[in-house]
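*Asks:* Quick one: the structure is below, and I'll ask about it shortly.
The values are calculated or read from the model by the stated rules, or taken from the named source; none is laboratory data. As the structure is a computational prediction, the values presented were derived from the model and not from experiment. Cβ sites come from the backbone with ideal geometry, for glycine too, and all protein chains shown count toward neighbours.
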Amino acid sequence: KPRVLNLSATNANAFEQSSYTVRVYIDNNRGFATVDRELPLEEVNVTLNVGAGLSVVGGATRTISRIEARRVGFVDFTIVPDATANGDITYTATVQPSPGPVKTVTGTIRATSQPRLPIYEGANLVTSPYVFSNPVWDEILGLQSESEFQAFRWDPEQAAYVLSTSPDRGIGTWIVSRQNRGVITLQSEPKKPNDEFGSDDGSGGAPLIRLKQGWNLIGNPYPVAIPIAQIVGSTNANTSGAFTFNELVQQGSVSGSLAYWDNPNKTYRYVQGSTARLEAQRGYWIYVPIAQDVILRYPPVFQPGYRSVAEGGAWVQSEKQWRLQLAARSNVAADDQNFIGLAKTAETAKSTRVYEPPMAPLKGAISVSVDADIDGKTRSLSQSLASGGDRQKFNVKVESRDGGPVTLTWPNLSTIPKNVRARLVDKATGETRDLRKFSGYTFTAESRSVRNLEISVEPGFANRVVIGNIVATRDSRLGGTAPFTINYTLATDATTSVRILGANGREVYAATRGRADKAGSNSVVWNLRDNANRAVAPGSYRVEVVAEGDNGERVRKFYPINLVR
């Protein structure tokens, strides 16, 4: 099969070839080729299925009439790429002989990205690896800046967005479109770069990129995906030489995770680890914790022999390590890849730390982050894991650009240990939520505001719920208008609801519904009004306190009060 579908040297809007040959080999050298027990394979059906962007000419199934024992047969397929072919395209070859079992082989064919860019309404984080005759965004996109789109780059020294007029190879750019444009064919005579494969002496490659302290936007300078592990760099913090990307991460010179913008879903996603790749035409955020500049070099594509580092494997939830996902959504955007939780060791907590990138330049954008003290400075993280200790508190910030309703959810709560209690407190209103009793928390954010929430987690056990004394008091100095302060005690943490009932047992007023209360003393206030905010008449009423424990046990207790005006 072809390893890579490269672009034409003279026309970046076409591949080198209009069609390619994929050959599938089938051997009859084992089970049906044992000495004295040889059998030929007959009517061997071979089916080639290819992913989006490729098609098989003349049908996806071929038949080999006969393969003798100890022989190898093959069949050729012709595949044709279309304009959408991009990145690693998966294929499967399924072989069904007679006799014999069905076998399937899966692989990938890498297609070089053509100068076509999907542009969605709102924010798009992109980069361009091509060389243009007139490198101006208006000419490249065929759109009018300001009236149809705006382009922004990030100035790391100002820590702010600034207008961008032209693309820079290796740098990410935000394209903010006023409408959905579909897939745009880039104009201004795009040509693929001539430095992607380097030279025989190992030199070549895209221009160097200088990273400043804090956040930087980068992008793949080539029209084909490259492994992050191929990137090398240097810094004055360690002048002993150049280092692989993984070594830069281990030194603390750069963050180990990169963030990209999921353009159609309007939220950030993250890539991490030496097996991760920088996709073509996609911009990425990278964080530099140190004060010294970091110089990055993108080696030529397919440079052989680059060093890889064994990964620790996929994250597995357990009693000793777990992550709780925090996902926020507004009417326009989302920020759903945020995690708090517990790591096995302090080293693991540090190595899995993920920084929260700057908010997208999108109307209605939101951002969720967790405050963390790193080297004496408060940093905003999208993943913050603790190590050790029974009780942990996480200060969570929800930032809103334009205000409006925001809902925070914890969709993977069922995967964390069952004995872990999780509680949310809204610092602005004092409202609390037991995360095991509620699927989300909704509040109305002000424009350009930050809502501070505290989420505490601790291991616990299902203790029996007991409601202790209930006492209702009034300040006699205020006369008949004085509200009742209702105090009650709980033997254990519980989700509570407190209501005022009339003499007929019907609800007059709900002071709280499903509030996450702590063990000990708790209180609510009744201002002598009903749920419609009307003053109630003098007479006899009852306070009802309902408490529900972690195990679902529910208890109820009443307390009589007499209202005199």
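*Asks:* Go through (1) in a strand (DSSP E or B); (2) farther than 24 Å from residue 125 by Cβ; (3) among the basic types (Lys, Arg) for residue 379 and report which single condition fails.
*Replies:* The one condition residue 379 does not meet is (2).
*Asks:* Of all residues being crowded, with 21+ Cβ neighbours inside 10 Å and in contact with a helix residue (DSSP H, G or I) (Cβ under 9 Å, 6 or more places away or on another chain) in the stretch 347-387, which is farthest from residue 150 (Cα to Cα)? Just the residue, please.
*Replies:* 385
*Asks:* Please find, among 171, 184, the residue that is among the aliphatic types (A, V, I, L, M), modelled with pLDDT under 95 and either within 23 Å of residue 13 (Cβ to Cβ) or not in a strand (DSSP E or B) (or both).
*Replies:* Answer to the selection: 184.
*Asks:* Let me ask something else. If you go through the stretch 543-565 one residue at a time, how many are closer than 24 Å to residue 516 by Cβ and touching a residue at least 12 places away in the same chain (Cβ under 8 Å)?
*Replies:* Our first condition is that a residue be closer than 24 Å to residue 516 by Cβ; within the stretch 543-565, this holds for 543-559.
Right, trim to touching a residue at least 12 places away in the same chain (Cβ under 8 Å) and you get 543-551, 553-559.
Residues meeting the conditions: 16.
*Asks:* Tell me the residue from 447, 439 that is in contact (Cβ under 8 Å) with a residue 12 or more places away in the chain, within 19 Å of residue 341 (Cβ to Cβ) and either in the same structural domain as residue 526 (by TED's automatic domain parsing) or surrounded by fewer than 17 Cβ atoms within 10 Å (Cβ to Cβ) (or both), please.
*Replies:* Details: 447 fails: within 19 Å of residue 341 (Cβ to Cβ).
Result: 439 is the single residue among 447, 439 that is in contact (Cβ under 8 Å) with a residue 12 or more places away in the chain, within 19 Å of residue 341 (Cβ to Cβ) and either in the same structural domain as residue 526 (by TED's automatic domain parsing) or surrounded by fewer than 17 Cβ atoms within 10 Å (Cβ to Cβ) (or both).
*Asks:* Another one. Tell me, please, whether a residue that is assigned to a loop (DSSP other than H, G, I, E, B) and either without any contact (Cβ under 8 Å) to a residue 60 or more places away in the chain or touching a helix residue (DSSP H, G or I) at 6+ places or on another chain (Cβ under 9 Å) (or both) can be found in the stretch 280-291.
*Replies:* Yes, the stretch 280-291 has at least one match.
*Asks:* Now for a separate question. Are there any pairs, at least 6 apart or on different chains, whose C-beta atoms fall under 9 Å, with the first in the stretch 392-403 and within 11 Å of residue 332 (Cβ to Cβ) and the second assigned to a strand (DSSP E or B) and charged (D, E, K, R), and if so, which?
*Replies:* Close Cβ pairs (under 9 Å, with a partner that is assigned to a strand (DSSP E or B) and charged (D, E, K, R)) amount to 400/451.
*Asks:* How many residues are under 28 Å from the mean Cα position of the chain (by Cα) and aliphatic (A, V, I, L, M) if we restrict to the stretch 122-140?
*Replies:* Qualifying residue count, the stretch 122-140: 3.
*Asks:* A further question on this structure: Taking the stretch 292-301 only, how many residues are of a type in the set (D, E, K, R) and either in contact with a Gly (Cβ under 8 Å, 6 or more places away or on another chain) or assigned to a strand (DSSP E or B) (or both)?
*Replies:* 1
*Asks:* From (1) under 30 Å from residue 178 (Cα atoms); (2) modelled with pLDDT under 90, pick out the condition that doesn't hold for residue 361.
*Replies:* Just one mismatch for residue 361, condition (2).
*Asks:* Something else about it: From the residues in the stretch 515-542 that are in contact (Cβ under 8 Å) with a residue 12 or more places away in the chain and polar (S, T, N, Q), which one is farthest from residue 435 (Cα to Cα)?
*Replies:* Residue satisfying both the conditions and the ranking: 540.
*Asks:* Oh, and also: With 424, 453 as the choices, which residue is farther than 20 Å from residue 389 by Cα and at pLDDT 95 or above?
*Replies:* Result: 453 is the single residue among 424, 453 that is farther than 20 Å from residue 389 by Cα and at pLDDT 95 or above.
*Asks:* Turning to a different aspect of this structure: Quickly run through the stretch 532-560 and pick out the residues that are among the aliphatic types (A, V, I, L, M) and either outside the structural domain of residue 488 (by TED's automatic domain parsing) or within 16 Å of residue 489 (Cβ to Cβ) (or both).
*Replies:* 543, 545, 546, 547, 555 - these are the residues of the stretch 532-560 that are among the aliphatic types (A, V, I, L, M) and either outside the structural domain of residue 488 (by TED's automatic domain parsing) or within 16 Å of residue 489 (Cβ to Cβ) (or both).
*Asks:* Here are the criteria: (1) touching a residue at least 12 places away in the same chain (Cβ under 8 Å); (2) among the small types (Gly, Ala, Ser); (3) surrounded by fewer than 21 Cβ atoms within 10 Å (Cβ to Cβ). Tell me which single one residue 206 does not satisfy.
*Replies:* Status for residue 206: all satisfied but (3).
*Asks:* Can I ask one more? Looking only at residues in the stretch 306-346 that are modelled with pLDDT of 90 or more and acidic (Asp, Glu), which one is surrounded by the fewest Cβ atoms within 10 Å (Cβ to Cβ)?
*Replies:* For the stretch 306-346, the residue satisfying everything is 336.
*Asks:* Can you tell me which condition residue 505 does not meet? The list is (1) assigned to a loop (DSSP other than H, G, I, E, B); (2) within 30 Å of residue 329 (Cα to Cα), and all the others hold.
*Replies:* (2)
*Asks:* Listed residues 83, 69; which is exposed (fewer than 14 other Cβ atoms within 10 Å of the Cβ), part of a loop (DSSP other than H, G, I, E, B), among the aliphatic types (A, V, I, L, M) and outside the structural domain of residue 175 (by TED's automatic domain parsing)? Step through it out loud before you land on a result.
*Replies:* Details: 69 fails: exposed (fewer than 14 other Cβ atoms within 10 Å of the Cβ).
Among 83, 69, only 83 is exposed (fewer than 14 other Cβ atoms within 10 Å of the Cβ), part of a loop (DSSP other than H, G, I, E, B), among the aliphatic types (A, V, I, L, M) and outside the structural domain of residue 175 (by TED's automatic domain parsing).
*Asks:* Let me ask you something else. State all residues of the stretch 420-452 that are part of a strand (DSSP E or B), of a type in the set (Asp, Glu) and touching a Gly at 6+ places or on another chain (Cβ under 9 Å); if no residue qualifies, say none.
*Replies:* 434
*Asks:* Any residue in the stretch 162-187 that is closer than 18 Å to residue 134 by Cα sitting within a Cβ distance under 8 Å of a residue that is among the acidic types (Asp, Glu)? List the pairs, counting only those 6 or more apart or interchain.
*Replies:* Pairs found: 187/139.
Condition check ((1) under 23 Å from residue 218 (Cβ atoms); (2) outside the structural domain of residue 361 (by TED's automatic domain parsing); (3) in a strand (DSSP E or B); (4) in contact (Cβ under 8 Å) with a residue 40 or more places away in the chain) across all residues:
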{"position": "123", "(1), (2), (3), (4)": "yes, yes, yes, yes"}
{"position": "129", "(1), (2), (3), (4)": "yes, yes, no, yes"}
{"position": "133", "(1), (2), (3), (4)": "no, yes, no, yes"}
{"position": "138", "(1), (2), (3), (4)": "no, yes, no, no"}
{"position": "153", "(1), (2), (3), (4)": "yes, yes, yes, yes"}
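*Asks:* If residue 492 meets every condition in (1) under 19 Å from residue 465 (Cα atoms); (2) part of a strand (DSSP E or B) apart from one, which number is that one?
*Replies:* In the conditions (1) under 19 Å from residue 465 (Cα atoms); (2) part of a strand (DSSP E or B), residue 492 misses (2) alone.
*Asks:* Has the stretch 257-278 got at least one residue that is more than 20 Å from residue 367 (Cα to Cα), at pLDDT 90 or above and either in contact with a Lys or Arg (Cβ under 7 Å, 6 or more places away or on another chain) or not in a strand (DSSP E or B) (or both)?
*Replies:* No.
*Asks:* On to the next question. Would you please list the contacts, defined by Cβ atoms under 7 Å and residues six or more apart or on different chains, that run from a residue in the stretch 237-252 that is in the same structural domain as residue 276 (by TED's automatic domain parsing) and part of a helix (DSSP H, G or I) to a residue that is buried (at least 16 other Cβ atoms within 10 Å of the Cβ) and among the hydroxyl-bearing types (Ser, Thr, Tyr)?
*Replies:* Close Cβ pairs satisfying both conditions: 246/274.
*Asks:* Does the stretch 42-56 contain any residue that is of a type outside the set (Val, Ile, Thr), at pLDDT below 90 and over 44 Å from the mean Cα position of the chain (by Cα)?
*Replies:* Yes, the stretch 42-56 has at least one match.
*Asks:* When the residues of the stretch 415-437 are narrowed to those that are of a type in the set (Asp, Glu) and in contact with an Asp or Glu (Cβ under 9 Å, 6 or more places away or on another chain), which ends up nearest to residue 324 (Cα to Cα)?
*Replies:* Restricting attention to the stretch 415-437, the residues satisfying the condition of being of a type in the set (Asp, Glu) are 426, 431, 434.
Narrowing further to those that are in contact with an Asp or Glu (Cβ under 9 Å, 6 or more places away or on another chain): 426, 434.
Details: 426: 18, 434: 14 Å.
Here the residue is 434.
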